[in-house]
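The values are calculated or read from the model by the stated rules, or taken from the named source; none is laboratory data. Bear in mind that the values here come from a model prediction, so they are computed numbers and not experimental data. Methodologically, a virtual Cβ is constructed for each residue, glycine included, from the backbone with ideal geometry; neighbour enumeration extends over all protein chains shown.
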Amino acid sequence: MQYLSTRGKSDKVSSAQAIKQGLAPDGGLFVPEKLIEFSKSGLESMLNSEYKSIAKKVFSEYLTDYTAEEINHCVNSAYGDNFDDKDIAPVRLLKDVSVLELWHGPTCAFKDMALQILPHFLVLAAKKTGEESEIVILVATSGDTGKAALEGFRDVTGTRIIVFFPESGVSEVQKLQMITQEGKNVHVVAVEGNFDDCQSGVKRVFSDKDFNEELNQKSYKLSSANSINWGRLIPQVVYYFSSYLKLVRENKINFGDKVNFVVPTGNFGNILAGYYAMKMGLPVNKLICAANSNNVLTDFIKTGMYDKNREFLRTISPSMDILISSNLERLLFEVTDRNADKIDQWMAELKQSGKYEVDDDVKEKVQDIFWSEYATDEDTMKIIKEVWDKHNYLVDTHTAVAFKVYEDYKSTTGDETQTIILSTASPFKFNASVAKAVLGEEKIKGKSEFLLLEMLSDYTGWPIPASLRGLDKRKVLHTDKIAPVDMKQKVANILGV
Ligand SMILES: *Cc1c(COP(=O)(O)O)cnc(C)c1O
């Protein structure tokens, strides 16, 4: 399987190359030359497979330059005791909806699903492509990616990782998780700006030809762990299959019935993996895109106009505070029947004027598959309490956005199709908001996030995840703080070039 760029101006590459490079040289995203479709019987034969077997099956279709042995090694190293649930991505069956929990990995958010395996893919990719330089992972994070990438890459031989996070755009827990990170090859830098500033800064470093050449001469090769990397995306396809098959096993649906997925969305990575799963033969009715008040995707899905010219809002679901949803480019590539010229044009418009409008037929194709609404912070707080009262089930703020949007979907469409909500973070990770929602403002006033962890645990009887316990007592190891314009210089300083 070869990989093409969505902008059509780069040569085809192998999967190892695509994973090593992250972004295509023409600025586009790598996509597989064709999408594999599982037959109905092929899908049914996975009915009783465990997570790891499904993962191996999916990867072997797309990472064809990796041997079966190598794929086994990657999967077995990634999905083991580092997850605190033997199902890896367990499904909870609530009264009228199912919840796919994607936060049982070491950092308590769904980014672990991909970032526990990406370093293994990448180290092998470097070896396969004869790379002798040290791989330097640059990450811009809205909170969860950074920590998950740090955990995935810490002390991985032949790699270094530099994480930029928006100084006041992440929760206290997220920040502490990052600035206390241990590991010989890790660097964590606070940026005085928002996530888009961090992401644009990283993109500028990647596309700076002279700088990259200079790095190459010093035996450094930049790569990305952001969800634009194909090695991040393909692992996320797996749990759409595993959760579907679980509903079949539980007799919630018959094999072949369609389901809806509701996905709390920021960079459009997670929900795009659902689209790929559908293209690969998974019976999907609707992919419901749940946004917060940074509702640029909701507007796009409703109108066909993508317009990021709006105020960037800080919400209580910070991992979705994004105005440039990079992975949308891959969807547009598919729904335009792979019209790279169109994509190139729209992305140029986005860069110049911050907006573009797709043609009516493209809009209709998007609307055939996707439905979208958004939740405000107020909606989010309200529904956390409602879900707790109704189901005795605690959700974090991002998952709450999905619950709220699902209510909107049901009341607007009347659709009764079985539905899976993707839960993207442990409620303990965003405990300040969650505790306020279920315990009330009075009880939490003046309490630190760490006391709140305990109060929440006492109230719900749910244990505090091991990786969040004692976080406030760990030593702060990273104190750098810079302006967005200094990001390139920072990289140079860290690497000594
Ligand atoms: C990253 C993240 C999201 C958004 O996922 P995308 O792939 O960017 O759409 C949602 N919730 C949480 C908790 C996240 O960490």
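What about R154, is it surrounded by fewer than 24 Cβ atoms within 10 Å (Cβ to Cβ), closer than 17 Å to E182 by Cα and not polar (S, T, N, Q)? Considered against the rule, which asks whether it is surrounded by fewer than 24 Cβ atoms within 10 Å (Cβ to Cβ), closer than 17 Å to E182 by Cα and not polar (S, T, N, Q), R154 comes out as yes. Taking (1) in contact (Cβ under 8 Å) with a residue 60 or more places away in the chain; (2) under 20 Å from L272 (Cα atoms); (3) crowded, with 18+ Cβ neighbours inside 10 Å in turn, M1 satisfies each apart from (3). Annotation: of all residues in region 292-325 being within 17 Å of Q199 (Cβ to Cβ) and of a type in the set (A, V, I, L, M, F, W, C), the one that is surrounded by the most Cβ atoms within 10 Å (Cβ to Cβ) is M320.
Each residue in region 99-117 was checked for being out of contact with any Ser or Thr (no Cβ under 9 Å at 6 or more places or on another chain) and away from the ligand (no atom under 14 Å from the Cβ), and 0 of them qualify.
This table checks each residue for (1) within 10 Å of the ligand (Cβ to nearest atom); (2) in contact (Cβ under 8 Å) with a residue 12 or more places away in the chain; (3) over 21 Å from G28 (Cα atoms); (4) in contact with a helix residue (DSSP H, G or I) (Cβ under 9 Å, 6 or more places away or on another chain).
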{"position": "R232", "(1), (2), (3), (4)": "yes, yes, no, yes"}
{"position": "L245", "(1), (2), (3), (4)": "no, yes, yes, yes"}
{"position": "K258", "(1), (2), (3), (4)": "no, yes, yes, no"}
{"position": "P264", "(1), (2), (3), (4)": "yes, yes, yes, yes"}
{"position": "N267", "(1), (2), (3), (4)": "yes, yes, no, yes"}
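Among the residues of region 320-344, write down those that are away from the ligand (no atom under 16 Å from the Cβ), outside any loop (DSSP other than H, G, I, E, B) and acidic (D, E).
Scanning region 320-344 gives E334, D341, D344.
Report whether or not L215 is assigned to a helix (DSSP H, G or I), crowded, with 17+ Cβ neighbours inside 10 Å, at pLDDT 95 or above and more than 18 Å from the chain's Cα centre (by Cα). So L215 fits the description; yes.
Being farther than 18 Å from Y356 by Cβ, away from the ligand (no atom under 16 Å from the Cβ) and of a type in the set (S, T, N, Q) is a property that holds for N251.
Counting only helices (runs of 4 or more DSSP H) that fall entirely inside region 396-497 and contain at least 3 residues that are within 16 Å of the ligand (Cβ to nearest atom) and of a type outside the set (K, R), the qualifying elements are 397-413, 431-439. Q489 meets the conditions (1) without any contact (Cβ under 8 Å) to a residue 12 or more places away in the chain; (2) within 26 Å of the chain's Cα centre (by Cα) in every case but one. The failed one is (2).
Taken together, V263, V296 contain a single residue that is touching a Gly at 6+ places or on another chain (Cβ under 7 Å), under 22 Å from N226 (Cα atoms) and modelled with pLDDT of 95 or more, which is V263.
The residue that is surrounded by the fewest Cβ atoms within 10 Å (Cβ to Cβ), among those in region 346-392 that are of a type in the set (F, W, Y) and assigned to a helix (DSSP H, G or I), is W388.
Would you say T315 is at pLDDT below 95 and within 14 Å of the ligand (Cβ to nearest atom)?
Spelling it out, T315 is indeed at pLDDT below 95 and within 14 Å of the ligand (Cβ to nearest atom).
Look at region 203-228: where a residue is at positive phi, no partner that is within 16 Å of the ligand (Cβ to nearest atom) and outside any helix (DSSP H, G or I) sits 6+ places away or on another chain with Cβ atoms under 6 Å.
Of everything listed in (1) over 23 Å from D396 (Cα atoms); (2) out of contact with any strand residue (DSSP E or B) (no Cβ under 6 Å at 6 or more places or on another chain), the single unmet condition for C198 is (2).
Quick grid of which residues meet (1) modelled with pLDDT of 95 or more; (2) within 24 Å of W230 (Cα to Cα):
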position: C74; (1), (2): yes, yes
position: S77; (1), (2): no, yes
position: K95; (1), (2): no, no
position: L100; (1), (2): yes, yes
position: G105; (1), (2): yes, yes
position: I117; (1), (2): yes, yes
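For region 27-55, the set of residues classified as touching a residue at least 60 places away in the same chain (Cβ under 8 Å) and in a loop (DSSP other than H, G, I, E, B) consists of G27, G28, L35, I36, E37, F38, S39, M46, L47, N48, S49, listed by residue number. Of the residues making up region 126-143, just one is touching a Phe, Trp or Tyr at 6+ places or on another chain (Cβ under 6 Å), assigned to a loop (DSSP other than H, G, I, E, B) and away from the ligand (no atom under 16 Å from the Cβ), namely S133. With respect to (1) surrounded by fewer than 17 Cβ atoms within 10 Å (Cβ to Cβ); (2) in a helix (DSSP H, G or I), the lone exception for Y239 is condition (1). Every test in (1) in contact with a strand residue (DSSP E or B) (Cβ under 8 Å, 6 or more places away or on another chain); (2) farther than 16 Å from K279 by Cα; (3) aliphatic (A, V, I, L, M) is passed by M46 save one, and that test is (1).
Within region 126-143, residues that are closer than 14 Å to N229 by Cβ sit with their Cβ atoms under 8 Å from residues that are away from the ligand (no atom under 16 Å from the Cβ) and in a loop (DSSP other than H, G, I, E, B), at 6+ positions apart or across chains, in these pairs: A126/G158; I135/G158. For I228, the test of being buried (at least 23 other Cβ atoms within 10 Å of the Cβ), within 12 Å of the ligand (Cβ to nearest atom) and outside any helix (DSSP H, G or I) is passed. Filtering region 144-182 to residues that are more than 13 Å from the ligand (Cβ to nearest atom), small (G, A, S) and outside any loop (DSSP other than H, G, I, E, B) leaves only G152.
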